[in-house]
Amino acid sequence: MNHFEFKGSLKTVLLAGILIGVLCLGWTWMIDDHNHTRFWSNFLHNSVFFTGISFTAAFFIAVCITAYAGWHTIFKRVWEAISAFLMPGILLMAIIGLGVYFHWHHLYHWSDTAILDPSNTADFDKVLYGKSSFLNKNWYLGGTIIIVGLWIFFANKLRLLSVLEDNFEDSHFSTHRTMRKYAAIFLPIAGFSSAAIIWQWVMSVDSHWYSTLFAWYATASWFVSMIALTILILIYLKGKGYFHQVKRDHIHDLGKFLFAFSVFWTYLWFSQFMLIWYGNVGEETIYFKTRYDHYPVLFFANIFINFAIPFLVLMRNDAKYKFGSVGIVAIIVLLGHWMDFFLMLKPGIYETAMHAAPAGEAMGEHGHEVAHAAEHVSNFVSGFTMPGLLELGTFLGFLAFFLFVFFTFLSKAPLTPKNDPYLDESLHHHV
Amino acid sequence: MSKENKIIYGIYGDEEVLLSAVKEARERHYDIQDVYSPFPVHGLDPLLGLAESRLHIAGFVFGAIGTLTAFLGMTWIFTKDWPIIFGGKPYWSVPAFIPITFELTVLFASIGMVVSFYVVSGLGPGVKSKLLDRRLTDDKFCISFENSENSDYEEFFRSTGAEEVGVA
């Protein structure tokens, strides 16, 4: 079974999942405020999360090729198929970008043109005016298309060259050498561009605040989620009888990555937190003060779920071998990092919505709902201070969409590459 | 072969030959005294039937001791023994303790594991090396048995492809 066939009940289940997601998004739209803040923030949250996962898969393929790594070769088609989600991803993010452009939503405080006019002394915002050469609607849309477009170019190149290698035997491995060049060019581009894209997609929801560590922290979150998804997909496919050469040693290596990058994520999270806490500068601490005061459960659960659980469960050697323990930790950590992105995005978006509300007497009756919520900041606001059922449904929908694209691309090529120079090493991988 | 507790050993030039020889010895139920190799040979430990090393458990225990030492130590120092206000923070400022706690965890775990390893292996300063052959630290492998009068170890070494057989 070297060829995955995407059909039957799996397709039905995933289509049903997409339907749930669409229904949840539609329902969110109906009960939403005037700006449809909850709808758009859920859309942004999940689009960023899954586009980022596919980006880190492309990035990791390039890392492995450049590092002469061979352990992953027999399942590298999984990562190649994950990276294919960049193509729907650019569409999802372009919709957000068009939304910024045409003011369909008000997720980003900087997209408000009134505060950027120096003659308007009442509302003029000097900080955002200073940032407006980067944070503006043209670059948001253009930058998204240019940067994700570049990612798609390299991800497609690496995937197509890898598929081409299958029917192209060559003792000089010329296809692999070409891949190596593309991978090496992609690495620096990916490193810098991912930081820029995180600033504009995620960090700029807290538009006055910035942290130089933030981009790494968010990328680490994507990376851990990507490894967790890979583990779950491999366990599923093995259960279906595919990938019988993928042995516990490969899962062990993925388990080590899950463990190591969970610790790496924690390191970045803590580095960012401690320096801001110690420096005690109001403009910086506001980020954590908001989360500590109004999101205490998520704030501490974030550290516990994404650090303590993988750290303590996966510490022992044999826990990384067993599909059960690695799989359960992968599920927990995947949800945990989805929640981490929730915590990165929602407080800033909620703040922006609250600021927008009192100014808008003209916003009509719905504006008052948000304004009313603003008077009771510490109150529980489903969808903003805590993921509600609609958020979970939207997540399921996006996950199903992601897996649908993934399985479609996985079925397009043989599961195990034939002429990869590292295939033999991967088949005899032993730790 | 007159002295007691003599050791008979065969020297091999290739790890694959060594592995098949070890397998053969296990099948013949020979009591292998030791196997020497200049580098860790993949798959040798399970073939020899060695139990998993417990060194990492020692590492965890030492690390946990380091965590507690650092955290409780700083708690005592900064709240009871010599409270000083740093940067307007409370006396018991947990985030500031984390880096030092981490460092002492690593320090205790690493030093503890090295010392445990030396004690368990009987290594230490001034210990004389019991090396059977100098080449075992370079490119040769060897299996050693405790010799007895009526053994067929020599035949075993010849048949499994040993390059030399020696006694010590």
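The values are calculated or read from the model by the stated rules, or taken from the named source; none is laboratory data. Only a predicted model underlies this, so the values are computations on that prediction, with no experimental measurement involved. Cβ sites come from the backbone with ideal geometry, for glycine too, and all protein chains shown count toward neighbours. In case anyone asks, the SASA skips ligands and DNA or RNA and just uses the protein heavy atoms, side chains included. Shrake-Rupley method; radii C 1.70, N 1.55, O 1.52, S 1.80 Å.
Here are a few things to note about the model shown:
- Candidate set from region B:81-119 (those that are in contact with a Phe, Trp or Tyr (Cβ under 7 Å, 6 or more places away or on another chain) and of a type in the set (Phe, Trp, Tyr)); member that is nearest to A:TYR267 (Cα to Cα): B:PHE97
- Residues of region A:70-80 include none that is in contact with a helix residue (DSSP H, G or I) (Cβ under 8 Å, 6 or more places away or on another chain), hydrophobic (A, V, I, L, M, F, W, C) and open to solvent by 60 Å² or more (accessible area, probe 1.4 Å).
- Filter result for A:PHE39 (of a type outside the set (Val, Ile, Thr), buried (at least 23 other Cβ atoms within 10 Å of the Cβ) and over 22 Å from A:HIS109 (Cβ atoms)): no
- The set of residues from region A:110-160 being among the β-branched types (Val, Ile, Thr) and closer than 20 Å to A:ALA196 by Cβ comprises A:VAL127, A:THR144, A:ILE145, A:ILE146, A:ILE147, A:VAL148, A:ILE152.
- Any chance A:GLU165 is surrounded by fewer than 20 Cβ atoms within 10 Å (Cβ to Cβ), acidic (Asp, Glu), within 30 Å of A:ALA69 (Cβ to Cβ) and in contact (Cβ under 8 Å) with a residue 40 or more places away in the chain: no
- Applying the condition of being within 18 Å of A:ILE233 (Cα to Cα) and part of a loop (DSSP other than H, G, I, E, B) to region A:410-431 and asking which residue is most open to solvent (accessible area, probe 1.4 Å) yields A:LYS412.
- Filter result (assigned to a helix (DSSP H, G or I), open to solvent by less than 70 Å² (accessible area, probe 1.4 Å) and within 29 Å of A:ARG316 (Cβ to Cβ)) within region B:18-40: B:LEU19, B:VAL22
- Restricting A:SER211, A:SER193, A:SER207 to residues that are touching a residue at least 24 places away in the same chain (Cβ under 8 Å), surrounded by fewer than 19 Cβ atoms within 10 Å (Cβ to Cβ), in contact with a helix residue (DSSP H, G or I) (Cβ under 6 Å, 6 or more places away or on another chain) and assigned to a loop (DSSP other than H, G, I, E, B) narrows the list to A:SER211.
- Taken over region A:222-258, residues that are over 21 Å from the mean Cα position of the chain (by Cα) and open to solvent by 40 Å² or more (accessible area, probe 1.4 Å) amount to 9.
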